[in-house]
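Colleague: The structure follows.
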Amino acid sequence: MVALVTGGAGFIGSHVAEQLLKMGNRVLVVDDLSTGKRENISHLEGDEKFSFIQGTILNEPLIERLVEECDIIYHLAAAVGVEFIIGNPIRSIEINVLGTEIVLRLAEKNKKKVIITSSSEIYGKNQKEVFTESDGRVLGTTLTHRWSYSCSKALGEFLALAYWREKCLPVIIVRLFNTCGPRQRGNYGMVVPRFIEQAISGKPITIYGDGNQTRSFAYISDVVNGMVSLANHPGAVGEIFNLGGEQEITISDLAKKVKRLTKSNSEIVYLSYEEVYGEGFEDMRHRIPDTTKIRNLIGYLPRVGLDDTLKKTIEYHRNKKKVEIYL
Ligand code: UDP
């Protein structure tokens, strides 16, 4: 099989590309390196079954050539991270909406299966703690730009489902919850790499808000295995799946855990959302996936618990030659 991974130089994309190569596939990665990094895939570049093409998914002739060449598309190219979305409002909408539209249209023209990566942001500020795929979406005002991300991802889902229903294009939608592991960077807001970098460099660990908001974190290998298994399961076509970890933790407890596991002397500080993101920012209080659906279909069971997830990620950050400074 030839797999096209859009956004394949990013954190999740690079792990997907690596896994597909290990499974014997030919892998084409396209990435504009806006948030992705060449170093994320440099270890794959010697493999004759691997090709990297630098370019944006908005470049239609390029994407058309790649779609023609592949059998399946893993569409991961997207603007991600709360800070990136807020800092790049036009670009993030364009990439997420137009980019997905181009990929789906070309996939349909060439009759290729597409895995669309969506996000738990879809659920917005719905007050539920645990989300099932059919739960409704609760969003704030358009004056708060953060909601554009949820909307752009939702449009991608609508469009993918429309292509499935109207044109029988085989699509699978995967809603990713918080994922962490090696190669994830903290410079667009992601909490785990930020806390780890802060802790190992002795800087204050910055909790936004009161720290009682909760998340669950999945290790990258569990997420990649889940995604690839779905891609190969005929029963997944035309369906939406939550994918993530189910072990809930408050952000305060996460900070304490990271501090303990890194044996850090960093102090833990609390910053208001206004200080960090400006007026009117709204955070989600809870966001835990109900993974019954994916479990029932492919037997998904995360293998790496939270402590091991953090330990493996800490080890990666410690081994990184150059510690990036986020603050
Ligand atoms: N967060 C934090 N300190 C940071 C970065 C993030 O307390 O330095 C919080 C953030 O406000 C949110 C949670 O950690 O409540 C998870 O943030 P992230 O951006 O990683 O993911 P998301 O909000 O998309 O779930």
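The values are calculated or read from the model by the stated rules, or taken from the named source; none is laboratory data. As the structure is a computational prediction, the values presented were derived from the model and not from experiment. Don't worry about glycine lacking a Cβ; one is built from the backbone with ideal geometry, like all the others, and counts go over all protein chains shown. When the accessible area is computed, the model is the full protein with side chains, heavy atoms only, and any ligands, DNA or RNA have been set aside. Shrake-Rupley method; radii C 1.70, N 1.55, O 1.52, S 1.80 Å.
Colleague: Would you check if there is a residue in segment 72-81 being surrounded by 16 or more Cβ atoms within 10 Å (Cβ to Cβ) and more than 22 Å from R185 (Cβ to Cβ)? It would help to see each step written out before you state the result.
Modeller: Quick first cut of segment 72-81, residues surrounded by 16 or more Cβ atoms within 10 Å (Cβ to Cβ) only: 72-81.
Next cut, more than 22 Å from R185 (Cβ to Cβ) only: 72-73.
Yes, segment 72-81 has at least one match.
Colleague: Also, quick follow-up: Note down all Cβ pairs under 6 Å where the first residue falls in segment 210-235 and is over 30 Å from V276 (Cα atoms), the second is at pLDDT 95 or above and part of a helix (DSSP H, G or I), and they're at least six residues apart or on different chains.
Modeller: V224/H15; V224/V16; V224/Q19; V228/Q19; S229/I298; L230/A236; H233/I298; G235/L297
Colleague: Another one. Considering only residues that are touching a residue at least 24 places away in the same chain (Cβ under 8 Å), in contact with a strand residue (DSSP E or B) (Cβ under 9 Å, 6 or more places away or on another chain) and over 21 Å from V223 (Cα atoms), which ones fall in segment 129-146?
Modeller: Across segment 129-146, the qualifying residue is only G140.
Colleague: Inside segment 176-221, can you point out the residues that are among the small types (G, A, S), near the ligand (Cβ under 9 Å from one of its atoms) and either within 23 Å of E39 (Cα to Cα) or not in a loop (DSSP other than H, G, I, E, B) (or both)? Please lay out each step first, then the result.
Modeller: Just the residues of segment 176-221 that are among the small types (G, A, S), to begin with: 181, 186, 189, 199, 201-202, 209, 211, 216, 218, 221.
Now drop any that are not near the ligand (Cβ under 9 Å from one of its atoms), which leaves 186, 189, 209, 211.
Across segment 176-221, the qualifying residues are G186, G189.
Colleague: Within segment 278-289, how many residues turn out to be open to solvent by less than 40 Å² (accessible area, probe 1.4 Å) and either away from the ligand (no atom under 16 Å from the Cβ) or farther than 22 Å from K128 by Cα (or both)?
Modeller: So the answer is 1.
Colleague: Could you list all residues from segment 229-277 that are over 19 Å from I205 (Cβ atoms) and among the charged types (D, E, K, R)?
Modeller: E239, E246, E248, E274
Colleague: Specify which of the listed residues (I12, I93) is within 15 Å of the chain's Cα centre (by Cα) and open to solvent by 10 Å² or more (accessible area, probe 1.4 Å).
Modeller: Numbers: I93 fails: within 15 Å of the chain's Cα centre (by Cα).
Unique residue meeting the criteria: I12.
Colleague: Continuing with the same structure: Return the residue satisfying two criteria in turn: it lies in segment 248-272 and is open to solvent by less than 20 Å² (accessible area, probe 1.4 Å) and assigned to a loop (DSSP other than H, G, I, E, B), and of such residues it is farthest from the ligand (Cβ to nearest atom).
Modeller: Checking each candidate, the answer is S264.
Colleague: All but one of (1) part of a strand (DSSP E or B); (2) within 15 Å of the ligand (Cβ to nearest atom) hold for E275, so report the exception by its number.
Modeller: So E275 meets the others, but not (1).
Colleague: Let me ask something else about it. Could you list, in sequence order, the residues of segment 61-90 that are more than 16 Å from the ligand (Cβ to nearest atom), over 24 Å from K167 (Cα atoms) and either free of Cβ contacts under 8 Å to residues at least 40 places away in the same chain or within 17 Å of the chain's Cα centre (by Cα) (or both)?
Modeller: Of everything in segment 61-90, just one residue is more than 16 Å from the ligand (Cβ to nearest atom), over 24 Å from K167 (Cα atoms) and either free of Cβ contacts under 8 Å to residues at least 40 places away in the same chain or within 17 Å of the chain's Cα centre (by Cα) (or both), namely I90.
Colleague: With part of a helix (DSSP H, G or I) and out of contact with any His (no Cβ under 7 Å at 6 or more places or on another chain) as the only criterion, which of G235, G245, G280 stands out?
Modeller: From the options G235, G245, G280, the qualifying one is G235.
Colleague: If you don't mind, there's one more thing I want to ask. Do we have any residue at all in segment 122-145 that's more than 15 Å from the ligand (Cβ to nearest atom), open to solvent by less than 50 Å² (accessible area, probe 1.4 Å) and within 29 Å of V269 (Cα to Cα)?
Modeller: No, segment 122-145 contains no residue that is more than 15 Å from the ligand (Cβ to nearest atom), open to solvent by less than 50 Å² (accessible area, probe 1.4 Å) and within 29 Å of V269 (Cα to Cα).
Colleague: Another one. Take segment 290-300 and flag every residue that is surrounded by 12 or more Cβ atoms within 10 Å (Cβ to Cβ) and of a type outside the set (K, R). Please lay out each step first, then the result.
Modeller: Within segment 290-300, the first condition is being surrounded by 12 or more Cβ atoms within 10 Å (Cβ to Cβ), and the residues that meet it are 290-295, 297-298, 300.
Those that are surrounded by 12 or more Cβ atoms within 10 Å (Cβ to Cβ) and of a type outside the set (K, R): D290, T291, T292, I294, L297, I298, Y300.
Colleague: Can you pull out every residue in segment 106-121 that is within 16 Å of C70 (Cα to Cα) and surrounded by 23 or more Cβ atoms within 10 Å (Cβ to Cβ)?
Modeller: Within segment 106-121, A107, V114, I115, I116 meet the criteria.
Colleague: Which of (1) within 15 Å of the ligand (Cβ to nearest atom); (2) on the phi > 0 side of the Ramachandran plot is the odd one out, the single condition K111 does not satisfy?
Modeller: Condition (1) is where K111 drops out.
Colleague: Which of the residues spanning segment 133-175 are of a type in the set (D, E, K, R) and not in a helix (DSSP H, G or I)?
Modeller: Within segment 133-175, E133, D135, R137, R175 meet the criteria.
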